[in-house]
Amino acid sequence: QVQLVESGGGLVQPGGSLTLSCAASGISYSRYHLEWYRQDPGKQREWITLITSGGNTYYSDSVKGRFTISRDNAKNTMYLQMTNLKPEDTAVYYCTASYLEQYYWGQGTQVTVSS
């Protein structure tokens, strides 16, 4: 059974930083493309970043320069370092892993940016 489990969410003040983790079981991360999405209630789900199996990274304009995605295949874990957080970054953050027809989602972790 494949599981992706996010952790590291919480409440942070504007301008602060937070790092999310996504640990996988049941798959080997090394061959998977890994992504983060987020969704605020009442809004559409937003893609924010991708790291390919080869290590190439891509970001949405909304987070470019502030967020960094990384992966540790040996630990089967991916990370999202978030800096200079803004209230509009408030959302549930989801990690995904994809390979060919396989696509897995985590359960989400809440990030709230508020003073």
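The values are calculated or read from the model by the stated rules, or taken from the named source; none is laboratory data. Everything quoted here is computed from the prediction, not taken from an experiment. Cβ: placed from backbone, ideal geometry, glycine included. Neighbour counts: every protein chain shown. Accessible surface is based on the protein model in full, side chains and every heavy atom, while ligands, DNA and RNA are left aside. Shrake-Rupley method; radii C 1.70, N 1.55, O 1.52, S 1.80 Å.
Measuring nothing but how far apart in sequence close Cα pairs (under 8 Å, 6+ apart) lie, relative to its length, the chain scores a relative contact order of 37 percent.
Across Ile48, Ile27, the residue with the most accessible area heads the list, and the full order at a 1.4 Å probe is Ile27, Ile48. Loop-resident trypsin sites (Lys or Arg not before Pro) (DSSP state other than H, G, I, E or B) in segment 1-46 with no more than 13 further Cβ atoms inside 10 Å of their Cβ: Lys43, Arg45. Separation of segment 6-64 and segment 78-105, taken as the distance between their Cα centroids, equals 2 angstrom. Sorting Val92, Val113 by solvent-accessible area of protein heavy atoms yields Val92, Val113, largest first, with a 1.4 Å probe. In a fully extended conformation the segment linking Tyr99 and Gln3 would gain 33.1 nm over its present Cα-Cα distance, using 0.36 nm per residue.
Backbone phi angles across segment 49-62, fed through the Karplus curve with coefficients 6.51, -1.76 and 1.60 (θ = phi - 60°), yield HN-Hα couplings of 6, 9, 10, 6, 4, x, x, 6, 10, 9, 9, 6, 4, 5 Hz in residue order; Gly and Pro are listed as x.
Between Ala74 and Asp40, the simple label model (points 7 Å from Cα in the Cβ direction) yields a spacing of 3.9 nm.
Using Cβ point charges alone (K and R +1, D and E -1), the dipole size of the chain about the Cα centre works out to roughly 140 debye. In this structure the amide hydrogen of Gly108, modeled in the peptide plane, comes within under 5 Å of the amide hydrogens of Glu6, Cys95, none closer than 5 places in sequence on its chain.
In the context of the full set of protein chains, residues of the chain present 53 Å² of accessible surface per residue (probe radius 1.4 Å, heavy atoms only).
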